[in-house]
Amino acid sequence: MNTFIDEVKATPGGENVLACIQCGMCSGSCPMANQMEYAPRQLIAMIRADLKDEVLSSNSMWYCLSCYLCTARCPKGVKPTDLAHALESLATQQGYRTRGNNNPEMYRAFVGSIKSNGRVHEFGMMMKYYLSTNPFAALKVAAVGLQMFIHSRLPLKATKVKNRGDIPAIIKKFKEVRSK
Amino acid sequence: MKYYTYFPGCSSESTALGMSISLEAIAGPLDMKLAEMEDWTCCGSTPYGSLDEMESLVIAARNLALAEKIGLDMVTPCSSCYVTLNKANHHLKEHPQLMAQVNEALAVAKMQYKGSVKVRHIVDVLYTDIKPESIAAKVKQKLAGLKVAAYSGCQLVRPDYGFDHVEFPDKLDELVRCLGAEAVNFPLKSRCCGSSLSISETDKVLGLMEKLFANAAENGAQCFTTPCPLCQTNLDAYQSLVNAKFGTHYNLPVFFISQLIGVALGMDEKSLGLDKNIVSPRPVLRQLSEVKSGT
């Protein structure tokens, strides 16, 4: 049977998890570490202790900003940023739900927009996201949205790519090939 | 004239309209031909890889395949597209078996990716190919006296595609200086603005922006410049929220580097999309023209 470490290593971005020497450079560099249930160094230790449920249901990786500061500084080439995305991806694929972080819903709205238009329609994506989480949260940032709208930066109409039908076809085929 | 395949990225059509408008305006005068790829889609960006790391490679690869057919360097002005496309490109080249699977999938749309595309950032092109000294030679209105915080942000320099120092980059500063402006000391120049978590976890990232404003302001900056669509949107559109939360009074315009270059080339507000900026750049620009006319 595959261990959790094997799953992580087989996901793009998770390859180098065993190289970690637990120095803590990643946690010390991360601008969001104080928001996470487990800071990056601890999360890596938990992966290696095979604490799959705890890791994949945590909010830690969902706070990653992709600033790559940990990756630039890691002395062992672990690439904790890519590892965070690998964990997000595993959590999503395996149906883990995280507590107290809205990022997964926003990412779903974002990817949904790509799948239907070929490109991200930012206005549609944001509306979908706020309706699916907390419409009242939208009120707090309404002033930002309004300014963006007034300055023509949130067009209501989506650009649809001509051959956007390619995308579902390519994805479908890729899934078939991968499961062979 | 230098020729490139241009990958604008989704934000170029909406939140970063000022970026695409200004880039188009300065390309000709700087002898760049940016030919937009036909039928490009989103690169996938961080969200796609976060929900499905494998599938995101195919989304990026479709765009790489389209660029490969043209054969020129693929240039994007978006830092997130730059990282996403580079990451997929490197990963596929390092994993030939995966590349073969991706190609089997692309074949349903009669596409193929061999792995030959070079993905570059527009700042790299401006610095390396066009060069600060030839930009300087074309400057019509020197931005003398303008104090700018040159904000590279994260993904122009990290993880590391070899363009500039990963923590203390200086090439954006050089582009600012070649326009006659002053690039102020700005130690946080490559620290994160909060990225797209400004949408999903707004309250938790406003503090990151506040640090950037504070650091720029204490070093005398009158404005920011950045190449990154998300950095520009966060610092520009969320500045009022930062002020409300922290009781501050920042009023710092955030120029795209292409807008700032355009101003120095003597172009007008409208053709540089400066009317799309939320924190108005007019007071700063007015001061420039007063210096010039000696009033």
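The values are calculated or read from the model by the stated rules, or taken from the named source; none is laboratory data. Note that the structure is a prediction, hence the values are computed from the model and not measured. Cβ: placed from backbone, ideal geometry, glycine included. Neighbour counts: every protein chain shown. SASA here: full protein model, heavy atoms, side chains in, ligands and nucleic acids out. Shrake-Rupley method; radii C 1.70, N 1.55, O 1.52, S 1.80 Å.
Any idea of the total accessible area buried by the A-B contact, 1.4 Å probe, rounded to 100 Å²?
Details: alone 11360 and 13340 Å², together 18660 Å².
Chain pair A/B: roughly 6000 Å² of buried accessible area.
Over the protein assembly as shown, what portion of Cα pair distances is larger than 34 Å, expressed as a whole percent? Walk me through the numbers before you get to the answer.
Values: 35300 of 112575 pairs.
Result: 31 percent of Cα pairs exceed 34 Å.
When the accessible area of each residue in segment B:234-261 is compared between its chain alone and the complete protein assembly (1.4 Å probe; ligands, DNA and RNA ignored), which residues differ by at least 20 Å², being lower in the assembly?
Output list: B:ALA237, B:TYR238, B:LEU241.
Long-range amide H contacts for B:TYR3: which residues qualify at under 5 Å (H placed 1.01 Å from N, peptide plane, sequence gap of 5 or more or a different chain)?
B:LYS33
When the Kirkwood radius is taken over all Cα pairs of segment B:135-293, what Stokes-Einstein diffusion coefficient follows at 20 °C and 1.002 mPa s, in µm²/s?
Values: Rh = 15.8 Å.
Value of D from the Cα-based Kirkwood radius: 136 µm²/s.
Kindly tabulate the residues in segment B:105-142 with an accessible-area decrease of at least 40 Å² between the chain alone and the assembly of all protein chains, using a probe of 1.4 Å.
At a threshold of 40 Å² (probe 1.4 Å), the residues of segment B:105-142 that become less exposed are B:ALA105, B:VAL108.
Please compute the alpha carbon radius of gyration of segment A:73-167, then divide it by the globular-protein estimate 2.2 N^0.38 Å. Two decimals is fine.
On the way: Rg = 16.5 Å, N = 95, 2.2 N^0.38 = 12.4 Å.
That ratio works out to 1.33.
Determine the residues within segment B:154-183 where the difference in accessible area between the chain on its own and the full set of protein chains amounts to at least 30 Å²; count protein heavy atoms only and use a 1.4 Å probe.
Buried-area filter returns B:GLN155, B:ARG158, B:PRO159, B:GLU167.
Return one whole number: the accessible area per residue of chain B in Å², for a 1.4 Å probe. Walk me through the intermediate numbers first.
Values: 10290 Å² over 295 residues.
Normalised by residue count, the accessible surface of chain B is 35 Å².
If you filter segment B:119-211 for trypsin sites (Lys or Arg not before Pro), then keep DSSP loop positions with at most 12 other Cβ within 10 Å, what is left? Could the numbers behind the result be given before it?
Working: sites: B:ARG120, B:LYS138, B:LYS140, B:LYS142, B:LYS147, B:LYS171, B:ARG177, B:LYS189, B:ARG191, B:LYS204, B:LYS211; in loops: B:LYS140, B:LYS142, B:LYS189, B:ARG191.
Those satisfying the criteria are B:LYS140.
Kindly report, to the nearest 10 Å², the accessible surface of B:CYS228 as traced by a 1.4 Å probe over protein heavy atoms only.
In the full protein context, B:CYS228 sits at about 20 Å².
Over chain A, what is the relative contact order in whole percent, taking alpha-carbon pairs under 8 Å and six or more residues apart?
Values: 195 pairs, mean separation 33.1, N = 180.
For chain A, the relative contact order is 18 percent.
How high is the relative contact order of chain B, in percent, with contacts defined as C-alpha pairs under 8 Å that are six or more residues apart?
Working: 486 pairs, mean separation 61.0, N = 295.
Dividing the mean separation by the residue count of chain B yields 21 percent.
Using a 1.4 angstrom probe on heavy atoms only, work out the carbon and sulfur share of the accessible area of segment A:4-93 in %. Don't skip to the answer; put the middle values down first.
Values: 1550 of 3150 Å².
In segment A:4-93, the share of accessible area belonging to carbon and sulfur is 49 percent.
Using a 1.4 Å probe on the protein heavy atoms only, what accessible surface does B:ASP170 show? Give it in Å² to the nearest 10.
My reading of the accessible area for B:ASP170 is about 60 Å².
Using a 1.4 Å probe on the protein heavy atoms only, what accessible surface does B:LYS270 show? Give it in Å² to the nearest 10.
Number for this one is 140 Å².
Per-residue HN-Hα couplings for segment A:71-87, Karplus 6.51 cos²θ - 1.76 cosθ + 1.60 at θ = phi - 60°, whole Hz, x for Gly and Pro?
5, 5, 9, 4, x, 10, x, 6, 6, x, 4, 5, 4, 4, 5, 4, 5
Return the calculated 222 nm mean residue ellipticity for chain B, to the nearest 500 deg cm²/dmol, obtained by summing -39500 (n - 2.57) across DSSP H runs with n ≥ 4 and dividing by the residue count. Walk me through the intermediate numbers first.
Working: 13 runs with 135 residues, N = 295.
Calculated at 222 nm, the ellipticity per residue is -13500 deg cm²/dmol.
Out of residues 5 or more away from B:PHE224 or on other chains, whose amide H comes under 5 Å of its own, with H placed 1.01 Å from N in the peptide plane?
Answer set, sorted by chain and number: B:ALA149, B:VAL254, B:PHE255.
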